[in-house]
Amino acid sequence: MEVICNRKVLHKALQSVSRAVSGRSTLPILSNVLLKASKEGLTLLTSDLEVWMDCLLPAAAKASGGEAVKVSKAGAITVPAKLLNEVVSNLPEATVQLQANEQNELVLICGSSKYELRGLPAEEFPAFPEVGDDVAFTIGQELLGQLITKTIFSASTDETRAILTGALLTAEGKKIRMVATDAYRLSMKVSEIADAVKKDMEVIIPARALRELSRLLDNEEEQKVEIKVGTSQILFRMIGGSSDDPSELCLVSRLVEGQFPVFDKLIPKEYERRISVNREDFLASIKRCAIMARAEANKLIFDPDGDRMKIKAESADYGKAEEEIAISLEGEGVQIAFNGEYLLDALESMTSESVWLEITSSVLPVLFRPSDDPDHVCLVAALQVL
């Protein structure tokens, strides 16, 4: 294998795919990145057998200052991903030459720098999955990013409840929806895609895969993501278009098997009282009170009355905290308590100027809804006030 590569382009690709490298596998090969040179360009592949990341640096692509990749000789090798990433990140701004020999060594030359990295045979690396196209559609990167960031924080981290460690993604016609819950809170975001799906879809995607995907997405709606869904895996394909990032990046994740909880009936359709509050003021007050609430399971008490609401926290060891903010109240006030961390996650996922709290009673979950986005809701369970 002989390849000449733009350092910035190679570094960016390594940073992206390194996130799928296994950190605790007993298989040494899973700590490596597969480098494969072909007439198409240079491909980088990593996997922990749950998530795969594949990045193609096209041979025809251009980068600032010239060609991004030039393949002189095809071939493949695997080398430690963390080591290669660290080496490339510290190289000077010059062309990088990569040469693999029959002793499974990668020789890297950049300017006056030369490294020899010991690797493992490419044949030992697990193959990139072939994902079927039972369902296939495209979505804007910005829109997909919003679906993830507005919901994924509600997914469970408890591996004993595997079904809740993922987020439900459904598509029907032009309607797309993502839902996540850990049984104490629930977040849902509904949006519309440009082209209707030809076949309805309902899959559960591991939260970890979605978090990694969100880091790769562009905030520009014109940049698209191709999604393919197979029987047990899902593929996301992103195509870069700038001189700084000409790569074609794919992420494949296994799907979570099982039936997602029936959540539609949990979201209240009516409320007895509603509070409107400035989101930033609300967020700042909760953050301050949460300092005192940490020792008491993050419990915060909310006491709305007229056009003001008190936010209280009390710790047997440290003392008390109280904040007061302006509100608009419909109906009678009722004292209610929440886990402050859950509220922070919900409010930070929103961007609206104000937020609605739709309350049925002091013991039932409360619906938080941004004033500018009725299709985004967060349901948070109430705690006992006393």
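The values are calculated or read from the model by the stated rules, or taken from the named source; none is laboratory data. Just so you know, these numbers come straight off a predicted model, no measurement behind them. No Cβ is skipped: glycine too gets one built from the backbone with ideal geometry, and neighbour counts run over all protein chains shown. When the accessible area is computed, the model is the full protein with side chains, heavy atoms only, and any ligands, DNA or RNA have been set aside. Shrake-Rupley method; radii C 1.70, N 1.55, O 1.52, S 1.80 Å.
In this entry, K150 is excluded by the filter for residues that are open to solvent by 30 Å² or more (accessible area, probe 1.4 Å) and either at pLDDT 95 or above or not acidic (D, E) (or both).
Looking at S38, S18, S31, S25, which one is open to solvent by 20 Å² or more (accessible area, probe 1.4 Å) and in contact with a helix residue (DSSP H, G or I) (Cβ under 6 Å, 6 or more places away or on another chain)?
Details: S38 fails: in contact with a helix residue (DSSP H, G or I) (Cβ under 6 Å, 6 or more places away or on another chain); S31 fails: in contact with a helix residue (DSSP H, G or I) (Cβ under 6 Å, 6 or more places away or on another chain); S25 fails: in contact with a helix residue (DSSP H, G or I) (Cβ under 6 Å, 6 or more places away or on another chain).
Answer to the check: S18.
Scanning the stretch 179-211 for residues that are open to solvent by 20 Å² or more (accessible area, probe 1.4 Å) and part of a helix (DSSP H, G or I) yields R208, R211.
Matching residues to (1) among the β-branched types (V, I, T); (2) touching a Leu at 6+ places or on another chain (Cβ under 8 Å); (3) within 21 Å of Q15 (Cβ to Cβ); (4) surrounded by 14 or more Cβ atoms within 10 Å (Cβ to Cβ):
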residue: L42; (1), (2), (3), (4): no, yes, yes, yes
residue: T78; (1), (2), (3), (4): yes, yes, yes, yes
residue: E93; (1), (2), (3), (4): no, no, yes, no
residue: V96; (1), (2), (3), (4): yes, yes, yes, yes
residue: N101; (1), (2), (3), (4): no, no, no, no
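Within the stretch 262-282, if we keep just the residues that are acidic (D, E) and loosely packed, with under 14 Cβ neighbours inside 10 Å, the residue that is farthest from D345 (Cα to Cα) turns out to be E270. Of the candidates E123, E142, E130, E116, the single residue that is open to solvent by 20 Å² or more (accessible area, probe 1.4 Å), closer than 30 Å to L10 by Cβ, of a type outside the set (S, T, N, Q) and part of a strand (DSSP E or B) is E116.
Sort out for me the strands (runs of 3 or more DSSP E) sitting completely within the stretch 233-291 that have 1 or more residues that are farther than 29 Å from P374 by Cα and either at pLDDT 95 or above or β-branched (V, I, T) (or both).
Working: elements: 233-239, 248-254, 273-278.
Qualifying strands (runs of 3 or more DSSP E): 233-239, 248-254.
Applying the set (1) over 27 Å from T157 (Cβ atoms); (2) surrounded by 14 or more Cβ atoms within 10 Å (Cβ to Cβ) to S361 leaves exactly one unmet item: (2). Can you find even one residue in the stretch 309-317 that is surrounded by 16 or more Cβ atoms within 10 Å (Cβ to Cβ), part of a strand (DSSP E or B) and in contact with a Ser or Thr (Cβ under 7 Å, 6 or more places away or on another chain)? There is at least one residue in the stretch 309-317 that is surrounded by 16 or more Cβ atoms within 10 Å (Cβ to Cβ), part of a strand (DSSP E or B) and in contact with a Ser or Thr (Cβ under 7 Å, 6 or more places away or on another chain).
Checking the stated criteria, A295 turns out to be aliphatic (A, V, I, L, M), open to solvent by 40 Å² or more (accessible area, probe 1.4 Å) and over 26 Å from T151 (Cβ atoms). Taking S112, is it without any contact (Cβ under 8 Å) to a residue 24 or more places away in the chain and not acidic (D, E)? Spelling it out, S112 is indeed without any contact (Cβ under 8 Å) to a residue 24 or more places away in the chain and not acidic (D, E).
Is it fair to say I109 is surrounded by fewer than 20 Cβ atoms within 10 Å (Cβ to Cβ), modelled with pLDDT of 95 or more and not in a helix (DSSP H, G or I)? Here the answer is yes, as I109 does meet what is asked.
Within the stretch 154-172, residues that are free of Cβ contacts under 8 Å to residues at least 24 places away in the same chain have Cβ atoms under 9 Å from residues that are surrounded by fewer than 23 Cβ atoms within 10 Å (Cβ to Cβ) in these pairs: E159/T165; R161/D182; R161/A183, counting only partners at least 6 apart in sequence or on another chain.
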